[in-house]
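See below for the structure under consideration.
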Amino acid sequence: MAHNRPVHFEIHAEDPERAAKFYGDVFGWTTKKYEFPGFDYWIVMTGPESKDPANMENPGINGGILKRRGPAPAGDAPVNGYVCTMTVENIDETIAKIQKAGGEEALAKNNMPGVGWLAYYKDTEDNIFGVLQEEVK
């Protein structure tokens, strides 16, 4: 087992069900709600599970969504935490899905030489995330 690598993420949301719908509409992620004493938690599956490293076509991590326990980030506030970036097949199609699902541009699409096309958006909960169409090598 590899250590010191990200294995889980969490998205804090004013409305977890709205956030789950947003990420499902944009990236096809699935969620399942669990009710724990005192709080609800949505498990997020970003893709098929595979524990066999030789059989991982699209490796990644899964995560969760939970109710935010304070105010949403201010519109002009700096990032206060981690920003997750998802690789996508077609950034323009993904941006269209993000906008249709209620996301807002945080930083316009830019060409990063040697990396690919990168853009940052806010989800329906004002969390910033990135999308990256990797450069074909």
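Within the stretch 103-124, work out how many residues are at pLDDT 95 or above and assigned to a loop (DSSP other than H, G, I, E, B). Qualifying residue count, the stretch 103-124: 3.
Yes or no, residue by residue, for (1) more than 24 Å from Gly70 (Cβ to Cβ); (2) open to solvent by 80 Å² or more (accessible area, probe 1.4 Å):
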position	(1), (2)
Gln99	yes, yes
Gly102	no, no
Asn110	yes, no
Pro113	yes, yes
Gly116	yes, no
Lys137	yes, yes
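Listed by first and then second residue, the pairs linking a residue in the stretch 102-121 that is touching a residue at least 40 places away in the same chain (Cβ under 8 Å) to a residue that is in a strand (DSSP E or B) and open to solvent by less than 70 Å² (accessible area, probe 1.4 Å), with Cβ atoms under 9 Å apart and 6 or more places separating them unless they lie on different chains, are Gly103/Tyr121; Gly103/Lys122; Gly103/Phe129.
Is there a residue being assigned to a loop (DSSP other than H, G, I, E, B), within 11 Å of the chain's Cα centre (by Cα) and modelled with pLDDT of 85 or more anywhere in the stretch 31-45? Spell out how you get there, then give the answer.
Start the filter on the stretch 31-45 by keeping residues that are assigned to a loop (DSSP other than H, G, I, E, B), which leaves 37-38.
After this cut, where a residue has to be within 11 Å of the chain's Cα centre (by Cα) as well, the list is none.
No, there is no match, as no residue in the stretch 31-45 is assigned to a loop (DSSP other than H, G, I, E, B), within 11 Å of the chain's Cα centre (by Cα) and modelled with pLDDT of 85 or more.
The values are calculated or read from the model by the stated rules, or taken from the named source; none is laboratory data. Just so it is clear, the structure is predicted and the values come from calculations on it, not from any experiment. Using ideal geometry, Cβ is built from the backbone for each residue, glycine included, and neighbour counts are taken over all protein chains shown. To get the accessible areas, we keep the full protein, side chains included, count just its heavy atoms, and leave off ligands, DNA and RNA. Shrake-Rupley method; radii C 1.70, N 1.55, O 1.52, S 1.80 Å.
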